[in-house]
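Here the structure comes first, spelled out in structure tokens, and everything after it is commentary.
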Amino acid sequence: MLPHCRVDVVELEAEVVEASKDVGFQRDPRISITVQDGAIFAQDAILGGALLNIFLVSPQMFQEDEPNLTQNFSDGVGSTTNQDKIAC
């Protein structure tokens with residue numbers, strides 16, 4: 001990871017965070033892990049003045065019959081916040 005970067009990891013399920021320890025995820029002082037709905041986290045951060053670069057990873061993203069989750073997330077968050085503060 002780049003030394004000047006800070007990463008906020010947001011996971012909906014606490015069990016996934018716990019399981020990450022078993023697969024070698026290494027904690028770092030520059031990585032913050034929050035158990036919360038990502039859309040709520042992003043809305044709160046943007047309303048607080050944060051500028052976010054958002055990367056969504058979900059198993060559904062790799063299924064052809066699923067809707068575009070990144071676009072749906074962007075539409076939902078962008079509808080209640082300043083669109084210039086979110087990049088999906």
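Any read-out appearing in this document is the output of simple, stated calculations on the displayed coordinates, not a laboratory observation. Not measured: the values here are computed from a predicted model. Every residue, glycine among them, receives a Cβ derived from its backbone with ideal geometry; neighbour counts consider all protein chains shown.
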- Could you list all residues from region 37-53 that are out of contact with any strand residue (DSSP E or B) (no Cβ under 6 Å at 6 or more places or on another chain) and surrounded by fewer than 14 Cβ atoms within 10 Å (Cβ to Cβ)? D37, I40, D44, L47, G48, G49, A50, L51
- Residues satisfying the stated conditions in region 1-41, i.e. closer than 15 Å to V57 by Cα, among the hydrophobic types (A, V, I, L, M, F, W, C) and either touching a residue at least 60 places away in the same chain (Cβ under 8 Å) or part of a helix (DSSP H, G or I) (or both): V16, V17, A39
- Query: Residues in region 42-54 that are touching a residue at least 40 places away in the same chain (Cβ under 8 Å) and within 19 Å of E13 (Cα to Cα): how many?
  - Reply: 1
